[in-house]
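The structure under discussion appears below in the form of structure tokens.
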Amino acid sequence: MELIIGSHVSFNKDKQMLLSVTEALGYKANTFMFYTGAPQNTKRVELDDNLTKEAIKLMSDNNIDINNVVVHAPYIINPANSKNRDFNISFLRQEISRVEKLGITKLVLHPGSHVGLGINVGIDNIVDVLKNSIDDSTSVDICLETMAGKGSEIGCTFEEIKSIIDKVGSSHIKVCLDTCHINDAGYDLSDFDKVLDNFDSIIGLDKLAVVHINDSKNTLGAHKDRHENIGLGYIGFDNLMNVIYHEKLKNVPKILETPYVGDDTKYPPYLFEIEMIRNKKFNDNLVTDIINYYKN
Ligand code: FE
Ligand code: FE
Ligand code: ZN
């Protein structure tokens, strides 16, 4: 089976998902992830069915299985805070129907921050939003992302994620494991088999729907959440390769969310990171190769 790998890509008003697929193909990726609008706000454009059809055609012409494609919900919505409860529910319902309309089945969501309400109240708020947003008949799975534990973030332990899944009680709740986030949360990726066994015994591997592959600018347990390019951070190339090529994760799409490089961080690293991952060999000149490629 071929490795399922891609990255975060753009989406805009004019080209919509057609832009996302084109960008992914430029990185030699066979999957991708995008926001259906700006990640930091909830303004969303009307979807154009003709552009969606063109995008789906381009995917099938290039062996991209749409079931491996991911949408990320905007991180501005905080389901753990009851303050905007009604808005959170209506926005999430709309986001789920947009994802359905695009033919995509995976929607990644941050559990959010309890902002001083406490973990238990925060979890109850998340459960309330999810229960009121998901219909049993939907084809979309909400993939709760494992978090770094920055501030009052919920979801930085497998137990917290499991508790949300159990309380919602829907088969449409899945999990997105982010390597930078779990490192920062204190899960040691130098023994990934142990981390995965732990995940399996608490949540269950059948729930793992997406893996975000990022190195980390911070040490184990730092609770920071700052992504680093593959092999240039504290997790390191070999540990990330163990995740990427793990036999138990072979059917799970891997998505890079590593930072752009160069002046004004304007060059995407994904073409070169994907190449390095496929070659299974660390590129010592990663950043200069990227800059030279895009500069010309
Ligand atoms: Fe995320
Ligand atoms: Fe992530
Ligand atoms: Zn992050």
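The values are calculated or read from the model by the stated rules, or taken from the named source; none is laboratory data. Predicted model, so just to flag it, every value in this text is computed and none were measured. Neighbour counts are summed over all protein chains in view; Cβ atoms, including those assigned to glycine, are modelled from backbone coordinates with ideal geometry. Remember, those area values only see protein heavy atoms, side chains included, never the ligands or the DNA or RNA. Shrake-Rupley method; radii C 1.70, N 1.55, O 1.52, S 1.80 Å.
In the range 19-30, what count of residues is obtained for those that are within 23 Å of L47 (Cα to Cα) and surrounded by 22 or more Cβ atoms within 10 Å (Cβ to Cβ)?
3
Go through (1) within 20 Å of the chain's Cα centre (by Cα); (2) part of a loop (DSSP other than H, G, I, E, B) and name the single condition N88 misses.
Among (1) within 20 Å of the chain's Cα centre (by Cα); (2) part of a loop (DSSP other than H, G, I, E, B), N88 violates only (2).
Looking at this structure, is K28 in contact (Cβ under 8 Å) with a residue 40 or more places away in the chain and assigned to a loop (DSSP other than H, G, I, E, B)?
Yes: the conditions hold for K28.
When the residues of the range 98-114 are filtered to those that are in a loop (DSSP other than H, G, I, E, B) and touching a helix residue (DSSP H, G or I) at 6+ places or on another chain (Cβ under 8 Å), which remaining residue is farthest from ligand 3 (Cβ to nearest atom)?
So the residue we want is G103.
Could you figure out which of (1) at pLDDT below 95; (2) crowded, with 21+ Cβ neighbours inside 10 Å isn't true of Q16?
That leaves (1) as the condition not met.
On the given criteria, is I76 more than 25 Å from G151 (Cα to Cα) and either open to solvent by less than 10 Å² (accessible area, probe 1.4 Å) or in a loop (DSSP other than H, G, I, E, B) (or both)?
Working: more than 25 Å from G151 (Cα to Cα): no; either open to solvent by less than 10 Å² (accessible area, probe 1.4 Å) or in a loop (DSSP other than H, G, I, E, B) (or both): yes.
Criteria not met by I76.
Here are some residues: K162, K224, K150. Which one is open to solvent by 30 Å² or more (accessible area, probe 1.4 Å), touching a helix residue (DSSP H, G or I) at 6+ places or on another chain (Cβ under 8 Å) and within 27 Å of R98 (Cα to Cα)?
K162
Do we have any residue at all in the range 165-180 that's closer than 18 Å to P253 by Cα and away from ligand 2 (no atom under 16 Å from the Cβ)? Explain how you work it out, then say what you get.
Step one: filter the range 165-180 for residues closer than 18 Å to P253 by Cα, giving 172-180.
So of that shortlist, the ones also away from ligand 2 (no atom under 16 Å from the Cβ) come out as 172-173.
Yes, some residue in the range 165-180 is closer than 18 Å to P253 by Cα and away from ligand 2 (no atom under 16 Å from the Cβ).
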